[in-house]
Each structure stands twice: as C-alpha cells, then as structure tokens.
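Enquirer: Okay, handing you the structure first.
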Amino acid sequence: MGLGFSTESKSSGDIIPIVKWDAKAGDMIRVDREQDASGAWIKNEEEISFPCKFVADLDAIEVGWLSFDSGAPDFRMVRIGEEMPERPSAGHKNAFRLRIYNKEMGLREFSHSAKTVLRKMDELHNQFEAERGANAGKAPVIEIEGTEPVRINTPQGELRFKVPNWKIAAWVDKPDEMSGAPAPAADVPVDMPASEEDLF
Amino acid sequence: MAGNIGAYMEQVARHYWGEPTKKNGTKLRWGSKQGREADLRKGVWFDYELNCGGGVVDLVKHFEGATLGGISKVLQSKFGIAGRQVVQLKPREFLSKVFDYFDEHGELRYQVLRYEPTRYIQRRPDGDDWVYKMEGVEPLPYRLPDMLEKPDATVFVVEGEKCADALAKLGLTATTSHGGAGKWREPLNKYFEGRRVIVLPDNDDPGARHADSVITHLLPIAKEIRRVELPGLPPKGDIVDWLNAGQDLDTLREFCKRAPVVETAPDKKSETPEQNSSHIYETAEENNSSGITVDAEPDVFPLMTLAELRAMPPVEWLVENLLTRTGLGVLYGPPGAGKSFAALELAACVARGQPFHGLAVEQGAAIYIAGEGVGGLGKRVKALEAARGWQGDAPLYLLGQAVAFAEQGEVERLMKTITARGERVALVVVDTVARALLGHEENSADSIGAFVAACDAVKRHCGGALLGIHHAGKDAARGMRGSTALLGAVDTSLKAAQEHGFLSLAIEKQKDGEQVEPLRFRMSQRALIGDTSIVLERVQDAPKARDALTPAQYLALQCLRNLCIDSMEQFGKVTVAAWHAAHSAHCPDETKQARGAARNVLQKRGLVVVEGGKVWLSRDN
C-alpha cells in the first residue's frame, strides 16, 4: 500500500444491476450485463411493462451529485438530511439513488438526475414520510400505473417528457435482499437516457 | 387600495389644508411660512407652528377631535378608507370563545361570550339578531342535551364552560352554570333530580363557596353528591390545569370513588341559599342592562398574601431557560441572521417534545404564522426532520399568511383557529412582528401596545407561549426595531446575531429566570431530494472568524459557485445579472434587500470579485 493503490478486489456480487428511466419515451428499462461465448460483456435492455410493482428502500434513499462525464457514473451521495457534499464539477447534477426489488428483476439500483424525475421522487418520498409512522419496520410497495406527460417551454420550443405516475400501494416486510447497507454503485459504463436536467 | 394607511396622507392632508404651497419630491408644504409639512413616503405630517404631528389617523383626529371609533367612520365616509386600513387599536379586547346554552329540545337559548382580557358577556338570539340582556331568560345547565341523553350518567359540576368541555372530551357528562362562581340559580336544580353528582371546586375561596352553594342547592333532590378536592391543584387551579399537568381520566375516577358522599349541607359562612340566590338575581338584573356579568364578589382588586406568594409554583418552562410556559417572547436580529431557522426548529421541538439543542421542552401543539411566506419552510422542515431522525406526524401547524394583530377580527379568527384544533397549543410563533403590524407604525408605543395586548389575548386563549420574530434596528447594537415598548412588555427577549458568521442566540431579557450563556450554532447545509436546506448545529466553543457565513450569505455564495461550475470553469466569470437571478430563484423568501446585503458581504470579505458586470469566486474561496 506504499503507493496508495487499492489491492482489494471487488466481487461481482457487489455490483447491483440497474433499472433506468427514459424520460423521453417514458420507459422503465432493466439493464443486465452478460458475457457472450467470446467472453465479451454485452448489455441487454428490456422494457418493463406497466403497471408494475416493486419494493423500494426509501428509508435508505441517497441524494447528492451524479455525473456521467467520464462514462462511468460518479456518485457523491449521502443520506437525506446529512451534510451535502461539495459539488465536484459542472458535470455533476443533483440526483438520487435508490434500491428497489421485486421477484422478477431481483434487487436493482435506480438513480436519476432529471429535475422532473427528482420532483416525482420527492413527492413519493413525502408520501413515504407521511405513512411510515403507521408502518414501522416495513417497506413501501411502489406501483407505477403509467406515465405522466411534462411539458417544458424552452427558447428552442416546447419539449415533452414523461415521468412515472407512481404511488405507495402497500407496505410489506422488507425483503431479505434489501438487508444491509446500500451497495456501491456499479462502476460500469452506462448509457443514460435523454435528460432534460439542463433545461431549467 | 394600498395596504398602508400612510398612502392616504396626501389625500387627507389636501382635504384639511387645501392645495400645498410647495412640493418637493415626496414632501408637501403648506402655509406662507410653509409651517406644515407632509412626508408622503413616510405617511407622516408635522405642524411646526403647533409643534405636533403624526400619521394619517392623528391628522384626522387633529381636525375632527374624534375618538378612534369615530375616526374609523370619518376615514370611511370622507376618504373611502375602509377594511384593513381602518385602525382598530381599541378596544384591545378579543372574542375568545362562544359557549352555547341549549334547552331540553336542543334549541339555542343563549350564549356566553368569553373575551380576552377575561370578560364574559351573555346574549340571547332574537330572530336574526342578538339581544344582550338576559331579562326573563331561564338559566340552563351548560351542555343540557348531553345530560338528558345520558339520564343514568354521573354529572360533574364544575366552574366554567371550559372545564365542562374538557371533561366532556374525556367522555364524561359535565355541566356548569353561566356567570361563574356564586351564580348557581334555583331553576337549575330540577335538572339534577335523582342524578349522581360530583362537584369539582376550583382551588380558591370563590370556588369553594361556589361548590358549597351547588351542594346546598342540589342535596335535597340529587340521588348522591360527592365533593372531590383534586390534590396538587395550583392556587386558583381547576380541572383543566389538573389534566394539563398530566393527570388522566383513570386517576380522576379513582379520586371520585374515594371521595365521601356528602350527607349534610355545607356550613354556610356567609349566605343561605335563598339569600345567595336572591342576591345573585339582583346582581344579574343590574348587570343585564349592560350585558356584562360581574361576580357577586366585591369589585376589588385581588391581593396576594405572603403565604400565597410563598406557595407560588416555580417558573414553568416551555423551553428550558429560553421561554416560559405562558410567556411572551421576542426573537430579533438582522435579516439573514437565521432567526426563522431557530424559531421553526423551536416550534418543531415543542411539537415533538424533543429537546432544543439540549434544552428540555414541554410537548404541545405549535402554530407557526409565516407572515413572510411559506415558500422555503417545507424544505426546512424536511431537512430538519431528516437531520434529527424525526419520523411520523407531530402537531406542528403552519399558518401561511400574516395575521393582523392590531385588528380585532383577525385576532379573534386566530383564536377560533386555535380552538378548532381541539388540542392544547403550547406555542404560537409570529413571523414577523412587522408583518403582524402591517399598516401600523412600529415606532408607535400605541401600535406595539395593541400588538402586545393581542399577543396576551392569544396566549391566555391557548394557555401557551407566544414568540414574535422581529427585526433589529439599523444599528443592531441598539436593539430591536421600532418602539422600545416591546422590549418592556415581553417576558423574554432573545437576540439573534452573527458572531463571526455563526448564529448566536443570546438572552437579552429573562423576567423569570437566570441569564445563561448564548447558544451558538453552525449553519449546516443538508441534502434533500434535488435540493438542500440549512439546519442549525450547536457548537460549544466560540466560533472563529474564518470560514463562517450566515445562511443567507452561504446560499448566495452557493448560487454563484454553482453558476461558476456550470460555466465549466472553477473560477469562471458569470454575469452579475445571472448571479442575481439564480440567487433570487433559489431564495424566494428573502427580500431583495436581504439578498443584496448577503452578496455585498461576500464582496466585502473578498470571497467574490465583481468587475465590469461580471462576478467570479476569488482564488481564496
């Protein structure tokens, strides 16, 4: 360690596969990586059809900064209410990171930095805060019924986006898969869907 | 119509003095020597020959010689100044509660109106109007329909409608008679025939005599009477105080069971029931002409004996060493010092029963009157709750508009709002005093007097404390803005100041407590979903000058830092206009002046550099 290099290896178990939200199309997409016969990594994307339900670890949602400038996602995250980290660069945007789970897709990581999606997540978190007292020890089941259109006027004209129409539909015992602290983000290049974050 | 009566100065001055002989900007002058002057910007006038002056109301008063009530009419008829513009500094009396008295058919027969400062008036319906005379009206037990609905229930007889309501809330059948102590009347007796009765006296001499009177009246016809002296009642205390002290229904039931059944009428020290009753009627008849009920007790000021003084309970704190349980406090400081952050957290701590930075609090509902806007309060609360780990609901309520404390109707509406919550409100925060006195002179002792009277009324109504947020004067070292009457009237004055950029809360005045060391706080920016907000963190040591900024300055700097980062260069220049716009968008609650002051400090301290319409972060930043 004299040179300060980390020699710890990260097992693939540390990497949580992701779902992403395409704010242009209004699609929720699960992303899986597999190795083909030649050993090369390939990425499979599959649209998740609505309505869909999943358990969300809203109690452990993280907020802070996210950048894709270097190809790999660079998260600077803290829990809600903790000291906000300094913004590292112009490429870093306000973002959230959340673990979600259902039987079909397993444990996934969901993050976004678009303001429209952040607002929807804030609303969802408000519902979570309002209901958690009556559901101590449980985790919320989020139901996405479809999408809501959002129109934004810009000097270039009106732009349209779609955000998830979601709500807390039920509360269940927290799945075992969600026990423990949130894992670090998958440090693999991820193509982000179109974002309107710079429009405001 | 302008929101400030001062805006009518020109119209009113021209009416009385005619065309001005000279006009200089916003100042008008009259007379050959121009001895009369009106300052339209300030809304004031002065007559140098008579050596007198004042505001619009004073000018009207000067010419009309009317009382304030009459002035309202003059303002309306001659100048069309109505509604909020009409000064209602007097009477400083506010309708606090209305108690309905129904007959056995559920018909409203009369009402008792409680005013603050404490005064009771009775009235009865007469078509669409009210008659403030009780002549010929048969007295009824309060909450009679409840009594009749539960014929087998034990009836608790207390002193005052508030006590009866408190017991009814616990599911008990409770009643009282109108008019207070010593006002039990013969016609009430028939409703208690064959009933089990428990009499709960107030802890004072009139209360004891009233209980004697009730027992003497009811003993011949009630099935059973018990007199329950509640242990631990403070002097003049009643069942509401007892319950507020943490006692519950089960304990009350236990005491009632243990109390002996009254077998004989109390030994009357002064009056027989008949004498008492006839005396009361006489008094009531006399008082009915004015509609005001006066106790049968001699009309003298109550004096406390040395023994009573010694027996007075110790000071009860709502927030340890900061604010007494029923105190009037003011928290003042310069704009952007962090007053509202502190006050909001204080209210949240009271609502949750959580210590305020290590200081114990008594739990109770809190109402925060956000006269300067609600915009940023939501995220402040979210950040605070997340930072403290508070979860679930708490009785913290936000009133998102200013309440005009100098207007009787507004104060009474606030009292109704408090009553409608149906829970004990332990703290009301008025943010800010200036907003609560909009249209009135902060420099006027009369306006401040009206504000204090309204605060006292609200405090008495809810039984809690009131904290006003106020601005410091231009020279913050000289104390709060406006009339010093406010400092004289409050029990507690907290001075918020910037101490090397940290928020310092110092107790400037504490009527009932010891002076304690100032509390010091660091402003910590906390993460939210897509946003941030400031949370106070207490620091023990006196802060050092370097690095610390006020919340307002910190946010101004953050806005510039973000803009510079967006400009793709750490020390990139952005336009001053862009900084102002971003700052305004990020801090909508701050006034333009406060935002400007925050930016100026950054510039003066060399944290930012402004040149040629551009601004950038200094290398030291």
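The values are calculated or read from the model by the stated rules, or taken from the named source; none is laboratory data. Since this is a predicted model, take the numbers as computed values, not measurements. Glycine gets a Cβ as well: all are built from the backbone with ideal geometry, and neighbour counts include every protein chain shown.
Conditions (1) over 22 Å from the mean Cα position of the chain (by Cα); (2) surrounded by fewer than 14 Cβ atoms within 10 Å (Cβ to Cβ), marked per residue:
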{"position": "B:PRO302", "(1), (2)": "yes, yes"}
{"position": "B:ALA307", "(1), (2)": "yes, yes"}
{"position": "B:ALA311", "(1), (2)": "yes, yes"}
{"position": "B:TRP317", "(1), (2)": "no, no"}
{"position": "B:THR326", "(1), (2)": "no, no"}
{"position": "B:VAL330", "(1), (2)": "no, no"}
{"position": "B:PRO335", "(1), (2)": "yes, no"}
{"position": "B:VAL350", "(1), (2)": "no, no"}
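Enquirer: Given the conditions (1) part of a loop (DSSP other than H, G, I, E, B); (2) among the aromatic types (Phe, Trp, Tyr); (3) at pLDDT 95 or above, report the number of the one that B:TYR368 does not fulfil.
Expert: Among (1) part of a loop (DSSP other than H, G, I, E, B); (2) among the aromatic types (Phe, Trp, Tyr); (3) at pLDDT 95 or above, B:TYR368 violates only (1).
Enquirer: Keeping to segment B:135-153, report how many residues are in contact (Cβ under 8 Å) with a residue 12 or more places away in the chain, under 16 Å from B:GLU107 (Cβ atoms) and not β-branched (Val, Ile, Thr).
Expert: So the answer is 11.
Enquirer: So if I check each of A:ALA136, A:ALA56, which one is within 11 Å of chain B (Cβ to nearest Cβ) and either more than 26 Å from B:LYS382 (Cβ to Cβ) or hydrophobic (A, V, I, L, M, F, W, C) (or both)? Show your work before the answer.
Expert: Working: A:ALA56 fails: within 11 Å of chain B (Cβ to nearest Cβ).
Checking each option against the conditions leaves just A:ALA136.
Enquirer: Taking segment A:124-138, which residues are surrounded by 14 or more Cβ atoms within 10 Å (Cβ to Cβ) and under 19 Å from B:ILE529 (Cα atoms)?
Expert: Going residue by residue through segment A:124-138, those that are surrounded by 14 or more Cβ atoms within 10 Å (Cβ to Cβ) are A:124-125, A:127-129, A:131-132, A:135, A:138.
Result: A:LEU124, A:HIS125, A:GLN127, A:PHE128, A:GLU129, A:GLU131, A:ARG132.
Enquirer: Right, next: Just one of the numbered conditions (1) at pLDDT 90 or above; (2) within 14 Å of another protein chain (Cβ to nearest Cβ); (3) surrounded by fewer than 22 Cβ atoms within 10 Å (Cβ to Cβ) is not true of B:ALA489; which one?
Expert: Checking B:ALA489 against (1) at pLDDT 90 or above; (2) within 14 Å of another protein chain (Cβ to nearest Cβ); (3) surrounded by fewer than 22 Cβ atoms within 10 Å (Cβ to Cβ), the one that fails is (2).
Enquirer: Next up: Could you give every pair whose Cβ atoms fall below 7 Å, whose first residue belongs to segment B:41-62 and is surrounded by fewer than 17 Cβ atoms within 10 Å (Cβ to Cβ), and whose second residue is assigned to a loop (DSSP other than H, G, I, E, B), counting only separations of at least 6 or pairs across chains?
Expert: Correct list of pairs: B:ARG41/B:THR26; B:TYR48/B:GLY35; B:GLU49/B:GLY35.
Enquirer: On the basis of being more than 10 Å from chain B (Cβ to nearest Cβ), surrounded by 18 or more Cβ atoms within 10 Å (Cβ to Cβ), at pLDDT below 95 and within 25 Å of A:ILE16 (Cβ to Cβ), does A:SER179 make the cut? Full working, then the answer.
Expert: On the way: more than 10 Å from chain B (Cβ to nearest Cβ): yes; surrounded by 18 or more Cβ atoms within 10 Å (Cβ to Cβ): no; at pLDDT below 95: yes; within 25 Å of A:ILE16 (Cβ to Cβ): yes.
No, not satisfied.
Enquirer: I need the full set of residues from segment B:536-583 which are loosely packed, with under 14 Cβ neighbours inside 10 Å, away from every other protein chain (no Cβ under 12 Å) and modelled with pLDDT under 85, in order please.
Expert: Result: B:GLN540, B:ASP541, B:ALA542, B:LYS544, B:ALA545, B:ARG546, B:ASP547, B:PHE571.
Enquirer: Of everything in segment A:132-157, what is of a type in the set (Val, Ile, Thr) and farther than 15 Å from A:MET28 by Cα? Give them in sequence order.
Expert: Residues of segment A:132-157 that are of a type in the set (Val, Ile, Thr), as a first pass: A:141-142, A:144, A:147, A:150, A:152, A:154.
If the condition is that a residue be of a type in the set (Val, Ile, Thr) and farther than 15 Å from A:MET28 by Cα, then A:VAL141, A:VAL150, A:ILE152, A:THR154 are the ones that fit.
Enquirer: In segment B:333-365, what residues are modelled with pLDDT of 95 or more and of a type in the set (Phe, Trp, Tyr)?
Expert: B:PHE356 - this is the single residue of segment B:333-365 that is modelled with pLDDT of 95 or more and of a type in the set (Phe, Trp, Tyr).
Enquirer: Could you please find all residues in segment A:99-122 being away from chain B (no Cβ under 14 Å) and among the hydroxyl-bearing types (Ser, Thr, Tyr)?
Expert: Within segment A:99-122, the first condition is being away from chain B (no Cβ under 14 Å), and the residues that meet it are A:99-109.
A:TYR101 - this is the single residue of segment A:99-122 that is away from chain B (no Cβ under 14 Å) and among the hydroxyl-bearing types (Ser, Thr, Tyr).
Enquirer: Inside segment B:491-542, counting only strands (runs of 3 or more DSSP E) that do not spill past its ends, which hold 1 or more residues that are touching a Gly at 6+ places or on another chain (Cβ under 6 Å) and closer than 30 Å to A:ARG119 by Cα?
Expert: Details: elements: B:492-499, B:502-510, B:519-528, B:531-539.
Once the strands (runs of 3 or more DSSP E) in segment B:491-542 are filtered for at least 1 residues that are touching a Gly at 6+ places or on another chain (Cβ under 6 Å) and closer than 30 Å to A:ARG119 by Cα, what remains is B:519-528.
Enquirer: If I ask for residues that are in contact with a Gly (Cβ under 9 Å, 6 or more places away or on another chain) and either small (Gly, Ala, Ser) or more than 7 Å from chain B (Cβ to nearest Cβ) (or both), which ones from segment A:67-89 would you list?
Expert: A:SER67, A:PHE68, A:ASP69, A:SER70, A:ASP74, A:PHE75, A:ARG76, A:MET77, A:GLY81, A:PRO85 - these are the residues of segment A:67-89 that are in contact with a Gly (Cβ under 9 Å, 6 or more places away or on another chain) and either small (Gly, Ala, Ser) or more than 7 Å from chain B (Cβ to nearest Cβ) (or both).
Enquirer: For the list (1) closer than 26 Å to B:GLY358 by Cβ; (2) in contact with a Phe, Trp or Tyr (Cβ under 9 Å, 6 or more places away or on another chain); (3) within 14 Å of chain A (Cβ to nearest Cβ), I need the number of the one condition that B:LEU528 fails.
Expert: (2)
Results for (1) hydrophobic (A, V, I, L, M, F, W, C); (2) out of contact with any His (no Cβ under 8 Å at 6 or more places or on another chain); (3) buried (at least 18 other Cβ atoms within 10 Å of the Cβ); (4) at pLDDT below 95, shown as yes or no for each residue.
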residue: A:GLY26; (1), (2), (3), (4): no, yes, yes, yes
residue: A:SER38; (1), (2), (3), (4): no, yes, no, yes
residue: A:LYS43; (1), (2), (3), (4): no, yes, no, yes
residue: A:GLU46; (1), (2), (3), (4): no, yes, no, yes
residue: A:PHE50; (1), (2), (3), (4): yes, yes, no, yes
residue: A:VAL78; (1), (2), (3), (4): yes, yes, no, no
residue: A:MET84; (1), (2), (3), (4): yes, yes, yes, yes
residue: A:ARG87; (1), (2), (3), (4): no, yes, yes, yes
residue: A:LYS93; (1), (2), (3), (4): no, yes, yes, yes
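Enquirer: List the pairs whose first member sits in segment B:591-610 and is surrounded by fewer than 17 Cβ atoms within 10 Å (Cβ to Cβ), whose second member is among the hydroxyl-bearing types (Ser, Thr, Tyr), and whose Cβ atoms are under 7 Å apart, counting only residues at least 6 apart or on separate chains?
Expert: Here the result reads B:GLY606/B:SER618; B:VAL609/B:SER618, each pair linking segment B:591-610 to a residue that is among the hydroxyl-bearing types (Ser, Thr, Tyr).
Enquirer: Can you name the helices (runs of 4 or more DSSP H) wholly within segment B:221-297 that have at least 2 residues being surrounded by 18 or more Cβ atoms within 10 Å (Cβ to Cβ), aliphatic (A, V, I, L, M) and modelled with pLDDT under 85?
Expert: On the way: elements: B:239-244, B:249-258, B:273-288.
Helices (runs of 4 or more DSSP H) meeting the threshold: B:273-288.
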